[in-house]
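In what follows, a structure is listed as C-alpha coordinates, so that the remarks can point back to it.
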Amino acid sequence: QVTCVEVVEAYVERIKEVNPLINAVVKDRFEEALQEAQQVDKLLSEGPGDDYLEEKFPLLGVPITVKEAFSLYGMPNTSGLVNRRNVIATSDATVVSRLKQAGAIPLGVTNCSELCMWYESSNRVYGRTNNPYDLQRIVGGSSGGEGSVLAAACSVIGVGSDIGGSIRMPAFFNGVFGHKPTTGVVPNDGQFPNAHGVRTSYLCTGPMCRYAEDLEPVLRVMAGPGVSKLKLNEKVSLEKIKFHCMDHDGGSIFVSPVDKEILQAQKKVVEHLESDLGVQVQRVAIHKMKYSFQIWSAMMSSKDSKGQEAQRFTDLLGDHGKPVWPLWELMKWLVGMSSHTFPAIALGLTEKLMNLNLSGKAKLVSMGKSLQEEMEALLGPDGVLLYPSHPIIAPKHHSPICMPFNFAYTAIFNVLGLPVTQCPLGLGSEGLPLGIQLVAAAYNDHLTLAVARYLEKAFGGWVLPGKV
(Lines give C-alpha, C1' and ligand atoms only; values in the text may rest on other atoms or scores of the structure.)
Protein backbone atom coordinates (compact mmCIF):
# COMPACT_ATOMS: atom_id res chain seq x y z
CA GLN A 1 0.00 0.00 0.00
CA VAL A 2 2.92 2.38 0.59
CA THR A 3 6.39 2.54 -0.90
CA CYS A 4 9.53 2.05 1.17
CA VAL A 5 10.54 5.65 0.34
CA GLU A 6 7.25 6.88 1.86
CA VAL A 7 7.87 4.83 5.02
CA VAL A 8 11.43 6.09 5.46
CA GLU A 9 10.36 9.68 4.71
CA ALA A 10 7.65 9.42 7.39
CA TYR A 11 10.20 8.30 10.01
CA VAL A 12 12.71 10.95 8.93
CA GLU A 13 10.03 13.64 9.34
CA ARG A 14 9.07 12.24 12.74
CA ILE A 15 12.69 12.36 13.93
CA LYS A 16 13.06 15.96 12.68
CA GLU A 17 9.86 16.85 14.54
CA VAL A 18 10.66 15.38 17.97
CA ASN A 19 14.44 14.97 18.17
CA PRO A 20 15.00 18.64 19.15
CA LEU A 21 13.00 17.81 22.31
CA ILE A 22 14.34 14.35 23.16
CA ASN A 23 17.92 14.51 21.75
CA ALA A 24 17.95 10.77 21.04
CA VAL A 25 19.39 10.59 17.50
CA VAL A 26 22.91 12.03 17.74
CA LYS A 27 23.87 11.56 14.07
CA ASP A 28 21.57 10.76 11.17
CA ARG A 29 22.09 9.17 7.77
CA PHE A 30 18.82 10.29 6.19
CA GLU A 31 20.16 10.76 2.64
CA GLU A 32 21.71 7.29 2.55
CA ALA A 33 18.53 5.80 4.10
CA LEU A 34 16.36 7.33 1.38
CA GLN A 35 18.70 6.01 -1.34
CA GLU A 36 18.48 2.54 0.24
CA ALA A 37 14.67 2.86 0.34
CA GLN A 38 14.68 3.61 -3.42
CA GLN A 39 16.70 0.41 -3.98
CA VAL A 40 14.08 -1.55 -2.00
CA ASP A 41 11.25 -0.11 -4.12
CA LYS A 42 13.21 -0.96 -7.27
CA LEU A 43 13.68 -4.54 -6.05
CA LEU A 44 9.96 -4.84 -5.27
CA SER A 45 8.96 -3.49 -8.68
CA GLU A 46 11.19 -6.08 -10.38
CA GLY A 47 9.08 -8.64 -8.50
CA PRO A 48 11.26 -11.65 -7.67
CA GLY A 49 8.27 -12.94 -5.63
CA ASP A 50 7.13 -12.31 -2.05
CA ASP A 51 8.16 -15.73 -0.72
CA TYR A 52 11.70 -15.33 -2.04
CA LEU A 53 12.00 -11.80 -0.63
CA GLU A 54 10.58 -12.78 2.75
CA GLU A 55 13.08 -15.58 3.12
CA LYS A 56 16.11 -13.65 1.85
CA PHE A 57 15.26 -10.22 3.33
CA PRO A 58 12.97 -10.75 6.36
CA LEU A 59 13.36 -7.08 7.40
CA LEU A 60 13.22 -5.56 3.90
CA GLY A 61 12.80 -1.79 4.10
CA VAL A 62 12.27 -1.65 7.87
CA PRO A 63 13.68 1.58 9.41
CA ILE A 64 15.97 0.94 12.39
CA THR A 65 18.21 2.91 14.72
CA VAL A 66 21.47 1.79 16.32
CA LYS A 67 23.02 2.60 19.69
CA GLU A 68 26.06 4.82 19.02
CA ALA A 69 28.32 2.36 20.89
CA PHE A 70 27.95 0.00 17.88
CA SER A 71 29.90 0.49 14.67
CA LEU A 72 27.65 1.64 11.84
CA TYR A 73 29.72 2.47 8.76
CA GLY A 74 30.31 6.23 8.38
CA MET A 75 28.75 7.07 11.75
CA PRO A 76 30.50 8.23 14.95
CA ASN A 77 31.44 5.55 17.49
CA THR A 78 32.45 7.47 20.64
CA SER A 79 30.34 5.86 23.38
CA GLY A 80 30.10 9.37 24.79
CA LEU A 81 33.84 9.61 25.49
CA VAL A 82 35.26 13.06 24.71
CA ASN A 83 38.66 11.78 23.56
CA ARG A 84 36.90 9.56 20.95
CA ARG A 85 34.79 12.36 19.48
CA ASN A 86 36.56 12.12 16.10
CA VAL A 87 36.20 8.33 15.79
CA ILE A 88 34.12 7.36 12.75
CA ALA A 89 33.21 3.70 12.13
CA THR A 90 34.86 2.19 9.05
CA SER A 91 32.82 -1.03 9.20
CA ASP A 92 29.59 -2.43 10.66
CA ALA A 93 29.24 -4.34 13.93
CA THR A 94 28.22 -7.97 13.28
CA VAL A 95 24.58 -7.47 14.33
CA VAL A 96 24.31 -4.24 12.31
CA SER A 97 25.69 -6.02 9.26
CA ARG A 98 23.18 -8.88 9.72
CA LEU A 99 20.26 -6.47 10.04
CA LYS A 100 21.36 -4.60 6.91
CA GLN A 101 21.74 -7.87 5.00
CA ALA A 102 18.19 -8.76 6.09
CA GLY A 103 17.03 -5.54 4.39
CA ALA A 104 16.77 -3.15 7.37
CA ILE A 105 17.55 0.53 6.75
CA PRO A 106 19.46 2.38 9.53
CA LEU A 107 18.28 5.98 10.04
CA GLY A 108 21.10 6.96 12.40
CA VAL A 109 22.79 6.35 15.75
CA THR A 110 21.41 7.13 19.20
CA ASN A 111 22.77 8.45 22.48
CA CYS A 112 24.13 6.37 25.37
CA SER A 113 25.78 6.97 28.72
CA GLU A 114 29.56 7.56 28.93
CA LEU A 115 31.22 4.20 28.16
CA CYS A 116 27.77 2.54 28.48
CA MET A 117 28.16 2.17 32.25
CA TRP A 118 25.43 4.31 33.77
CA TYR A 119 21.66 4.40 33.72
CA GLU A 120 21.18 8.00 32.60
CA SER A 121 22.06 8.59 28.93
CA SER A 122 24.05 11.79 29.20
CA ASN A 123 27.64 12.54 28.21
CA ARG A 124 30.03 15.36 27.34
CA VAL A 125 29.90 14.64 23.60
CA TYR A 126 26.15 14.74 22.88
CA GLY A 127 24.51 16.02 26.06
CA ARG A 128 21.44 14.48 27.65
CA THR A 129 18.53 12.49 26.21
CA ASN A 130 15.00 13.14 27.51
CA ASN A 131 12.04 10.85 28.12
CA PRO A 132 9.21 11.38 25.57
CA TYR A 133 6.57 10.93 28.31
CA ASP A 134 8.10 13.72 30.42
CA LEU A 135 11.15 15.65 29.23
CA GLN A 136 12.24 16.16 32.86
CA ARG A 137 12.69 12.39 33.29
CA ILE A 138 15.55 10.06 32.41
CA VAL A 139 15.49 7.58 29.53
CA GLY A 140 17.69 5.05 31.33
CA GLY A 141 20.99 3.72 30.08
CA SER A 142 23.05 2.79 28.51
CA SER A 143 20.80 2.16 25.46
CA GLY A 144 18.73 5.21 26.48
CA GLY A 145 18.69 6.89 23.08
CA GLU A 146 17.14 3.72 21.66
CA GLY A 147 14.45 3.58 24.36
CA SER A 148 13.55 7.22 23.75
CA VAL A 149 13.57 7.08 19.95
CA LEU A 150 11.36 3.98 19.88
CA ALA A 151 8.89 5.33 22.45
CA ALA A 152 8.58 8.54 20.41
CA ALA A 153 7.71 6.47 17.29
CA CYS A 154 10.86 7.57 15.43
CA SER A 155 12.07 4.05 14.64
CA VAL A 156 10.71 0.51 14.36
CA ILE A 157 13.60 -1.52 15.79
CA GLY A 158 16.54 -0.60 18.01
CA VAL A 159 19.92 -2.28 18.48
CA GLY A 160 20.85 -2.29 22.17
CA SER A 161 23.40 -3.95 24.44
CA ASP A 162 23.10 -4.93 28.08
CA ILE A 163 25.67 -5.80 30.78
CA GLY A 164 23.69 -4.55 33.76
CA GLY A 165 20.25 -3.75 32.35
CA SER A 166 21.19 -1.41 29.50
CA ILE A 167 18.43 -2.77 27.22
CA ARG A 168 15.79 -3.42 29.88
CA MET A 169 16.00 -0.19 31.94
CA PRO A 170 15.53 2.10 28.90
CA ALA A 171 12.77 -0.22 27.63
CA PHE A 172 11.07 0.07 31.06
CA PHE A 173 11.44 3.85 31.50
CA ASN A 174 10.22 4.47 27.93
CA GLY A 175 7.41 1.89 27.83
CA VAL A 176 8.73 -0.35 25.05
CA PHE A 177 9.85 -3.98 24.73
CA GLY A 178 13.46 -5.01 25.21
CA HIS A 179 14.98 -8.48 25.17
CA LYS A 180 18.27 -9.54 26.76
CA PRO A 181 18.94 -12.90 25.12
CA THR A 182 20.60 -15.89 26.74
CA THR A 183 24.30 -15.07 26.97
CA GLY A 184 26.51 -16.10 24.04
CA VAL A 185 23.78 -16.39 21.39
CA VAL A 186 24.02 -12.95 19.69
CA PRO A 187 27.56 -11.74 18.84
CA ASN A 188 28.84 -8.61 20.61
CA ASP A 189 31.59 -7.76 18.10
CA GLY A 190 31.92 -4.22 16.82
CA GLN A 191 30.85 -2.25 19.87
CA PHE A 192 32.91 -0.02 22.13
CA PRO A 193 33.62 -0.79 24.86
CA ASN A 194 33.42 -4.52 24.18
CA ALA A 195 33.60 -7.11 26.94
CA HIS A 196 36.87 -8.83 27.84
CA GLY A 197 37.70 -11.65 30.23
CA VAL A 198 34.85 -12.78 32.44
CA ARG A 199 32.56 -10.00 31.15
CA THR A 200 32.18 -11.72 27.79
CA SER A 201 29.82 -14.05 29.65
CA TYR A 202 27.68 -11.13 30.88
CA LEU A 203 27.40 -8.69 27.95
CA CYS A 204 24.42 -9.30 25.65
CA THR A 205 23.32 -7.62 22.42
CA GLY A 206 19.59 -7.67 21.74
CA PRO A 207 16.52 -6.08 20.15
CA MET A 208 14.31 -3.24 21.40
CA CYS A 209 10.97 -2.38 19.78
CA ARG A 210 7.46 -1.03 20.30
CA TYR A 211 5.63 -4.26 19.50
CA ALA A 212 6.23 -7.64 21.14
CA GLU A 213 5.81 -9.59 17.88
CA ASP A 214 8.87 -7.81 16.42
CA LEU A 215 11.28 -9.17 19.05
CA GLU A 216 11.49 -12.71 17.69
CA PRO A 217 12.14 -11.99 13.97
CA VAL A 218 14.80 -9.42 14.90
CA LEU A 219 16.40 -11.80 17.41
CA ARG A 220 16.58 -14.46 14.67
CA VAL A 221 18.44 -12.08 12.37
CA MET A 222 20.76 -10.81 15.13
CA ALA A 223 21.63 -14.34 16.28
CA GLY A 224 22.36 -15.67 12.77
CA PRO A 225 23.59 -19.28 12.99
CA GLY A 226 23.54 -18.95 16.83
CA VAL A 227 19.73 -19.03 16.69
CA SER A 228 19.90 -22.83 16.55
CA LYS A 229 20.75 -22.77 20.31
CA LEU A 230 17.31 -21.28 20.99
CA LYS A 231 13.94 -23.03 20.70
CA LEU A 232 12.18 -20.32 18.73
CA ASN A 233 10.31 -22.81 16.53
CA GLU A 234 8.74 -24.57 19.53
CA LYS A 235 5.07 -23.79 20.06
CA VAL A 236 4.49 -22.42 23.56
CA SER A 237 1.43 -23.49 25.53
CA LEU A 238 0.98 -20.67 28.05
CA GLU A 239 -1.23 -22.84 30.29
CA LYS A 240 1.67 -25.24 30.76
CA ILE A 241 4.19 -22.61 31.88
CA LYS A 242 5.08 -22.71 35.58
CA PHE A 243 4.82 -19.06 36.63
CA HIS A 244 6.74 -17.71 39.65
CA CYS A 245 6.47 -14.24 41.10
CA MET A 246 8.80 -12.20 43.31
CA ASP A 247 7.72 -8.67 44.32
CA HIS A 248 11.12 -7.32 45.38
CA ASP A 249 14.72 -8.32 46.08
CA GLY A 250 14.10 -8.97 49.78
CA GLY A 251 15.08 -5.51 51.01
CA SER A 252 18.66 -4.68 50.02
CA ILE A 253 20.06 -1.71 51.94
CA PHE A 254 21.62 -0.41 48.70
CA VAL A 255 18.42 -0.28 46.65
CA SER A 256 15.19 1.75 46.80
CA PRO A 257 11.98 -0.01 47.92
CA VAL A 258 9.74 -1.01 45.00
CA ASP A 259 7.20 1.67 44.08
CA LYS A 260 3.56 0.88 44.99
CA GLU A 261 2.37 1.33 41.38
CA ILE A 262 4.94 -1.19 40.12
CA LEU A 263 3.77 -3.68 42.76
CA GLN A 264 0.12 -3.07 41.79
CA ALA A 265 0.91 -3.59 38.10
CA GLN A 266 2.68 -6.86 38.91
CA LYS A 267 -0.28 -7.96 41.05
CA LYS A 268 -2.64 -7.30 38.11
CA VAL A 269 -0.44 -9.48 35.87
CA VAL A 270 -0.59 -12.32 38.41
CA GLU A 271 -4.38 -11.99 38.74
CA HIS A 272 -4.83 -11.94 34.97
CA LEU A 273 -2.63 -15.01 34.42
CA GLU A 274 -4.53 -16.93 37.11
CA SER A 275 -8.03 -15.96 35.96
CA ASP A 276 -7.43 -16.10 32.20
CA LEU A 277 -5.08 -19.08 31.87
CA GLY A 278 -6.19 -20.96 34.97
CA VAL A 279 -2.59 -21.28 36.19
CA GLN A 280 -1.34 -20.98 39.76
CA VAL A 281 1.37 -18.32 40.06
CA GLN A 282 3.82 -19.45 42.73
CA ARG A 283 5.13 -16.72 45.06
CA VAL A 284 8.84 -17.19 45.75
CA ALA A 285 11.38 -15.50 48.03
CA ILE A 286 14.92 -16.11 46.82
CA HIS A 287 17.10 -14.95 49.69
CA LYS A 288 20.30 -14.34 47.70
CA MET A 289 18.56 -11.78 45.43
CA LYS A 290 18.95 -9.35 48.32
CA TYR A 291 22.69 -9.27 47.48
CA SER A 292 22.16 -8.68 43.74
CA PHE A 293 24.28 -5.53 43.56
CA GLN A 294 27.18 -7.00 45.53
CA ILE A 295 27.10 -10.26 43.52
CA TRP A 296 27.05 -8.38 40.18
CA SER A 297 29.94 -6.10 41.24
CA ALA A 298 32.07 -9.00 42.47
CA MET A 299 31.44 -11.17 39.41
CA MET A 300 32.05 -8.25 37.01
CA SER A 301 35.51 -7.68 38.48
CA SER A 302 36.51 -11.34 38.95
CA LYS A 303 39.10 -13.27 36.91
CA ASP A 304 37.98 -15.54 34.08
CA SER A 305 38.68 -19.30 33.86
CA LYS A 306 42.14 -18.57 32.38
CA GLY A 307 42.97 -16.27 35.30
CA GLN A 308 42.68 -13.13 33.15
CA GLU A 309 41.81 -9.98 35.10
CA ALA A 310 38.70 -8.02 34.13
CA GLN A 311 39.47 -4.85 32.18
CA ARG A 312 39.57 -1.85 34.48
CA PHE A 313 37.03 0.89 33.88
CA THR A 314 39.70 3.54 34.53
CA ASP A 315 41.72 2.12 31.60
CA LEU A 316 38.66 2.31 29.36
CA LEU A 317 38.14 5.95 30.35
CA GLY A 318 41.63 6.67 29.07
CA ASP A 319 40.85 4.74 25.83
CA HIS A 320 44.36 3.44 25.08
CA GLY A 321 45.89 6.67 26.38
CA LYS A 322 46.92 7.34 29.97
CA PRO A 323 44.72 5.61 32.58
CA VAL A 324 42.40 8.02 34.36
CA TRP A 325 42.92 8.73 38.08
CA PRO A 326 39.37 8.93 39.45
CA LEU A 327 40.24 10.98 42.56
CA TRP A 328 42.05 13.59 40.42
CA GLU A 329 39.15 13.61 37.94
CA LEU A 330 36.75 14.19 40.84
CA MET A 331 38.74 17.27 41.93
CA LYS A 332 38.67 18.54 38.33
CA TRP A 333 34.94 17.78 38.06
CA LEU A 334 34.18 19.85 41.17
CA VAL A 335 35.62 22.91 39.44
CA GLY A 336 34.11 22.10 36.03
CA MET A 337 37.40 20.99 34.45
CA SER A 338 36.85 17.26 33.85
CA SER A 339 35.85 15.91 30.44
CA HIS A 340 34.14 12.96 32.18
CA THR A 341 30.69 12.68 33.73
CA PHE A 342 30.33 12.30 37.50
CA PRO A 343 28.87 8.73 37.29
CA ALA A 344 31.91 7.56 35.29
CA ILE A 345 34.30 9.06 37.86
CA ALA A 346 32.30 7.53 40.73
CA LEU A 347 32.40 4.11 39.04
CA GLY A 348 36.19 4.38 38.78
CA LEU A 349 36.37 5.09 42.52
CA THR A 350 34.10 2.19 43.54
CA GLU A 351 36.08 -0.17 41.30
CA LYS A 352 39.20 0.61 43.32
CA LEU A 353 37.35 0.04 46.61
CA MET A 354 35.92 -3.28 45.39
CA ASN A 355 39.40 -4.68 44.86
CA LEU A 356 40.45 -3.94 48.44
CA ASN A 357 38.36 -6.75 49.95
CA LEU A 358 39.41 -9.87 48.00
CA SER A 359 38.09 -12.49 50.46
CA GLY A 360 34.67 -10.77 50.56
CA LYS A 361 34.68 -10.70 46.75
CA ALA A 362 35.40 -14.45 46.51
CA LYS A 363 32.45 -15.20 48.83
CA LEU A 364 30.14 -13.11 46.66
CA VAL A 365 31.30 -14.83 43.45
CA SER A 366 30.58 -18.18 45.09
CA MET A 367 27.13 -16.89 46.16
CA GLY A 368 26.47 -15.87 42.54
CA LYS A 369 27.30 -19.37 41.26
CA SER A 370 25.00 -20.91 43.86
CA LEU A 371 22.20 -18.42 42.97
CA GLN A 372 22.57 -19.41 39.32
CA GLU A 373 22.06 -23.09 40.19
CA GLU A 374 19.06 -22.20 42.38
CA MET A 375 17.47 -20.14 39.56
CA GLU A 376 18.02 -22.81 36.90
CA ALA A 377 16.50 -25.45 39.24
CA LEU A 378 13.50 -23.21 40.02
CA LEU A 379 12.78 -22.27 36.41
CA GLY A 380 13.60 -25.58 34.74
CA PRO A 381 12.46 -26.22 31.15
CA ASP A 382 9.04 -24.57 31.53
CA GLY A 383 9.31 -21.80 34.16
CA VAL A 384 8.95 -18.00 33.91
CA LEU A 385 9.69 -15.61 36.78
CA LEU A 386 7.87 -12.26 37.09
CA TYR A 387 10.16 -9.64 38.67
CA PRO A 388 10.21 -5.82 38.73
CA SER A 389 12.23 -4.17 35.94
CA HIS A 390 13.38 -1.44 38.33
CA PRO A 391 12.30 -0.38 41.83
CA ILE A 392 11.04 3.03 40.72
CA ILE A 393 9.25 4.56 37.72
CA ALA A 394 11.34 6.81 35.40
CA PRO A 395 13.11 9.19 37.84
CA LYS A 396 13.91 12.84 37.19
CA HIS A 397 17.21 13.85 35.58
CA HIS A 398 20.29 13.57 37.87
CA SER A 399 18.40 11.70 40.60
CA PRO A 400 20.05 8.32 39.81
CA ILE A 401 23.14 9.78 41.53
CA CYS A 402 21.20 9.53 44.82
CA MET A 403 20.21 5.90 44.15
CA PRO A 404 23.12 4.56 42.08
CA PHE A 405 22.57 0.84 42.74
CA ASN A 406 18.92 0.50 41.67
CA PHE A 407 20.09 -1.13 38.43
CA ALA A 408 20.70 -4.29 40.54
CA TYR A 409 17.14 -5.37 39.61
CA THR A 410 18.27 -5.94 36.03
CA ALA A 411 22.02 -6.53 36.54
CA ILE A 412 21.68 -9.75 38.50
CA PHE A 413 20.32 -11.58 35.43
CA ASN A 414 23.42 -10.65 33.39
CA VAL A 415 25.75 -12.52 35.72
CA LEU A 416 23.25 -15.40 35.90
CA GLY A 417 23.20 -15.60 32.06
CA LEU A 418 19.39 -15.86 31.87
CA PRO A 419 17.16 -14.55 29.07
CA VAL A 420 14.88 -11.68 30.12
CA THR A 421 12.16 -9.73 28.30
CA GLN A 422 11.08 -6.30 29.59
CA CYS A 423 7.38 -5.93 28.92
CA PRO A 424 5.46 -2.59 29.21
CA LEU A 425 2.24 -2.58 31.25
CA GLY A 426 0.62 0.74 30.34
CA LEU A 427 1.07 4.07 32.13
CA GLY A 428 0.93 4.94 35.83
CA SER A 429 -0.88 7.82 37.56
CA GLU A 430 1.71 10.39 36.37
CA GLY A 431 1.52 9.20 32.77
CA LEU A 432 4.84 7.34 33.01
CA PRO A 433 5.40 3.77 31.78
CA LEU A 434 5.06 0.71 34.01
CA GLY A 435 6.56 -2.68 33.18
CA ILE A 436 7.78 -6.08 34.31
CA GLN A 437 10.70 -8.44 33.67
CA LEU A 438 9.96 -11.95 32.39
CA VAL A 439 12.83 -14.33 33.17
CA ALA A 440 13.42 -17.92 31.99
CA ALA A 441 16.19 -20.51 32.26
CA ALA A 442 19.07 -20.34 29.75
CA TYR A 443 18.06 -20.92 26.09
CA ASN A 444 14.35 -20.65 26.92
CA ASP A 445 13.97 -17.20 25.32
CA HIS A 446 10.91 -18.53 23.46
CA LEU A 447 8.99 -18.66 26.77
CA THR A 448 9.57 -15.02 27.78
CA LEU A 449 8.84 -13.82 24.21
CA ALA A 450 5.54 -15.76 24.15
CA VAL A 451 4.48 -14.34 27.54
CA ALA A 452 5.41 -10.81 26.35
CA ARG A 453 3.12 -11.20 23.30
CA TYR A 454 0.33 -12.43 25.58
CA LEU A 455 0.72 -9.57 28.09
CA GLU A 456 0.81 -6.99 25.28
CA LYS A 457 -2.69 -8.11 24.23
CA ALA A 458 -3.90 -8.09 27.84
CA PHE A 459 -2.37 -4.77 28.97
CA GLY A 460 -2.09 -2.77 25.77
CA GLY A 461 1.72 -2.64 25.36
CA TRP A 462 3.29 0.58 24.09
CA VAL A 463 1.26 3.79 24.48
CA LEU A 464 1.99 6.79 22.25
CA PRO A 465 3.45 9.62 24.41
CA GLY A 466 1.07 12.56 24.76
CA LYS A 467 -1.94 10.40 23.90
CA VAL A 468 -3.39 10.33 27.42
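The values are calculated or read from the model by the stated rules, or taken from the named source; none is laboratory data. Since we're looking at a predicted model, the values are computed, not measured. Reconstructed Cβ throughout: ideal geometry from the backbone, glycine too, with neighbour counts over all protein chains shown. SASA here: full protein model, heavy atoms, side chains in, ligands and nucleic acids out. Shrake-Rupley method; radii C 1.70, N 1.55, O 1.52, S 1.80 Å.
Looking at Gly226, Gly160, Gly206, just one residue is under 24 Å from Ala411 (Cβ atoms) and open to solvent by 10 Å² or more (accessible area, probe 1.4 Å), and that residue is Gly226. Here Ala285 meets the list (1) modelled with pLDDT of 90 or more; (2) part of a helix (DSSP H, G or I) almost entirely, failing just condition (2). For segment 185-198, a tally of residues being more than 16 Å from the chain's Cα centre (by Cα) and either part of a helix (DSSP H, G or I) or among the small types (Gly, Ala, Ser) (or both) returns 3. Residue count for segment 254-267 satisfying the condition of being surrounded by fewer than 21 Cβ atoms within 10 Å (Cβ to Cβ) and at pLDDT below 95: 1. Taking the criterion of being surrounded by fewer than 20 Cβ atoms within 10 Å (Cβ to Cβ) and within 28 Å of the chain's Cα centre (by Cα), the residues of segment 37-56 that qualify are Glu54, Glu55, Lys56. Selection of segment 268-305 for residues being in contact with a Cys (Cβ under 9 Å, 6 or more places away or on another chain) and either open to solvent by 90 Å² or more (accessible area, probe 1.4 Å) or farther than 18 Å from Leu378 by Cβ (or both) yields Val269, Gln282, Arg283. Every condition in (1) open to solvent by 10 Å² or more (accessible area, probe 1.4 Å); (2) farther than 27 Å from Gln282 by Cα; (3) assigned to a helix (DSSP H, G or I); (4) of a type outside the set (Val, Ile, Thr) is met by Met367 except one, and the failing one is (2). Within segment 94-136, being out of contact with any Lys or Arg (no Cβ under 8 Å at 6 or more places or on another chain), closer than 19 Å to Ala394 by Cα and open to solvent by 40 Å² or more (accessible area, probe 1.4 Å) holds for Met117, Trp118, Arg128, Asp134, Leu135. Of the residues making up segment 427-452, those that are in a strand (DSSP E or B) and either of a type in the set (A, V, I, L, M, F, W, C) or open to solvent by 10 Å² or more (accessible area, probe 1.4 Å) (or both) number 5. Screening Val269 against (1) among the β-branched types (Val, Ile, Thr); (2) farther than 18 Å from Val439 by Cα; (3) in contact (Cβ under 8 Å) with a residue 12 or more places away in the chain leaves a single unmet condition, (2). Considering only residues in segment 453-468 that are closer than 10 Å to Leu425 by Cα and assigned to a loop (DSSP other than H, G, I, E, B), the one that is least open to solvent (accessible area, probe 1.4 Å) turns out to be Gly461.
Could you list all residues from segment 229-243 that are under 23 Å from the mean Cα position of the chain (by Cα) and either surrounded by fewer than 18 Cβ atoms within 10 Å (Cβ to Cβ) or at pLDDT below 95 (or both)? Listed by number, the residues that qualify are Lys229, Lys231, Leu232. Do you know which of the residues in segment 413-426 that are under 17 Å from Ile392 (Cα atoms) and buried (at least 24 other Cβ atoms within 10 Å of the Cβ) is nearest to the chain's Cα centre (by Cα)? Going through the qualifying residues, I end up with Gln422.
The number of residues in segment 137-157 that are over 20 Å from Asp189 (Cα atoms), open to solvent by less than 10 Å² (accessible area, probe 1.4 Å), in a loop (DSSP other than H, G, I, E, B) and not hydroxyl-bearing (Ser, Thr, Tyr) comes to 5.
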